[in-house]
Amino acid sequence: MGFVDNAKDALDATGKKIGRAVDDAKDRIDDKVDEAKANAKVKQAEGDVKHAEAERNATEAKNDLKATLRDDT
(Lines give C-alpha, C1' and ligand atoms only; values in the text may rest on other atoms or scores of the structure.)
Protein backbone atom coordinates (compact mmCIF):
# COMPACT_ATOMS: atom_id res chain seq x y z
CA MET A 1 0.00 0.00 0.00
CA GLY A 2 2.98 2.33 0.38
CA PHE A 3 3.26 2.66 -3.40
CA VAL A 4 -0.43 3.54 -3.78
CA ASP A 5 -0.21 6.09 -0.98
CA ASN A 6 2.88 7.64 -2.54
CA ALA A 7 1.19 7.81 -5.93
CA LYS A 8 -1.89 9.36 -4.35
CA ASP A 9 0.24 11.96 -2.57
CA ALA A 10 2.13 12.71 -5.78
CA LEU A 11 -1.10 13.15 -7.73
CA ASP A 12 -2.52 15.36 -5.00
CA ALA A 13 0.61 17.54 -4.97
CA THR A 14 0.57 17.74 -8.77
CA GLY A 15 -3.08 18.74 -8.76
CA LYS A 16 -2.41 21.48 -6.22
CA LYS A 17 0.57 22.72 -8.22
CA ILE A 18 -1.52 22.84 -11.41
CA GLY A 19 -4.27 24.65 -9.53
CA ARG A 20 -1.81 27.27 -8.28
CA ALA A 21 -0.39 27.68 -11.79
CA VAL A 22 -3.90 28.22 -13.19
CA ASP A 23 -4.69 30.74 -10.45
CA ASP A 24 -1.42 32.58 -11.12
CA ALA A 25 -2.14 32.69 -14.86
CA LYS A 26 -5.65 34.01 -14.20
CA ASP A 27 -4.25 36.70 -11.89
CA ARG A 28 -1.69 37.74 -14.53
CA ILE A 29 -4.42 37.97 -17.16
CA ASP A 30 -6.63 39.98 -14.80
CA ASP A 31 -3.71 42.33 -14.12
CA LYS A 32 -3.17 42.86 -17.85
CA VAL A 33 -6.90 43.54 -18.36
CA ASP A 34 -6.87 46.07 -15.51
CA GLU A 35 -3.78 47.71 -17.00
CA ALA A 36 -5.42 47.93 -20.43
CA LYS A 37 -8.56 49.46 -18.91
CA ALA A 38 -6.49 52.04 -17.04
CA ASN A 39 -4.59 52.91 -20.22
CA ALA A 40 -7.87 53.32 -22.06
CA LYS A 41 -9.13 55.70 -19.37
CA VAL A 42 -5.93 57.73 -19.65
CA LYS A 43 -6.29 57.93 -23.43
CA GLN A 44 -9.92 58.99 -23.04
CA ALA A 45 -8.95 61.67 -20.53
CA GLU A 46 -6.20 62.92 -22.85
CA GLY A 47 -8.71 63.10 -25.67
CA ASP A 48 -11.14 65.00 -23.45
CA VAL A 49 -8.41 67.50 -22.56
CA LYS A 50 -7.52 68.02 -26.22
CA HIS A 51 -11.18 68.52 -27.07
CA ALA A 52 -11.60 71.04 -24.24
CA GLU A 53 -8.48 72.91 -25.37
CA ALA A 54 -9.79 73.05 -28.92
CA GLU A 55 -13.12 74.41 -27.69
CA ARG A 56 -11.32 77.00 -25.59
CA ASN A 57 -9.19 78.09 -28.55
CA ALA A 58 -12.23 78.29 -30.81
CA THR A 59 -14.08 80.40 -28.24
CA GLU A 60 -11.09 82.71 -27.86
CA ALA A 61 -10.84 83.11 -31.63
CA LYS A 62 -14.57 83.82 -31.89
CA ASN A 63 -14.39 86.38 -29.09
CA ASP A 64 -11.34 88.03 -30.66
CA LEU A 65 -13.18 88.29 -33.97
CA LYS A 66 -16.21 89.80 -32.25
CA ALA A 67 -13.99 92.30 -30.45
CA THR A 68 -12.31 93.24 -33.72
CA LEU A 69 -15.67 93.73 -35.40
CA ARG A 70 -16.88 95.92 -32.52
CA ASP A 71 -13.75 98.03 -32.66
CA ASP A 72 -14.11 98.58 -36.43
CA THR A 73 -17.60 100.10 -36.16
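A few notes on this one:
- Meets criteria (at pLDDT 95 or above and more than 28 Å from the chain's Cα centre (by Cα)) for residue 56: yes
- Reported count of residues in segment 20-44, each being over 12 Å from the mean Cα position of the chain (by Cα) and either of a type in the set (Gly, Ala, Ser) or at pLDDT below 95 (or both), is 2.
- Boolean, residue 47 is more than 16 Å from the chain's Cα centre (by Cα) and of a type outside the set (Lys, Arg): no
The values are calculated or read from the model by the stated rules, or taken from the named source; none is laboratory data. Worth saying up front: this structure is predicted, and the values here are computed from it rather than measured.
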